[in-house]
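Following: one structure in structure tokens, then a few remarks.
The values are calculated or read from the model by the stated rules, or taken from the named source; none is laboratory data. Everything numeric in this text was worked out from a predicted model, so none of it was measured. Neighbour counts are summed over all protein chains in view; Cβ atoms, including those assigned to glycine, are modelled from backbone coordinates with ideal geometry.
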Amino acid sequence: MLGNENSVSANTRKADNTGSKMSQTDLAKEIPDQIVAQGATAVNVTAIKTENEMLGSLLDIKA
């Protein structure tokens, strides 16, 4: 598991209620956030695969 120093947090803000039909999403900010989140997900998947392999090896040794 990742420690707090490597955690990813979502940056959220309340939508403005101006009646505008245009998107209020700031893509210049959201796309880099998505790239960071994708990288964090890839790291977590790798950690889970490694944990699974280690557990499998442990069970093979015990059998």
| message | Quick check on segment 21-60: of everything there that is part of a loop (DSSP other than H, G, I, E, B) and not basic (K, R), which residue is modelled with the highest pLDDT? | response | D26
| Count - residues of segment 27-50 that are surrounded by 11 or more Cβ atoms within 10 Å (Cβ to Cβ) and hydroxyl-bearing (S, T, Y) | 1
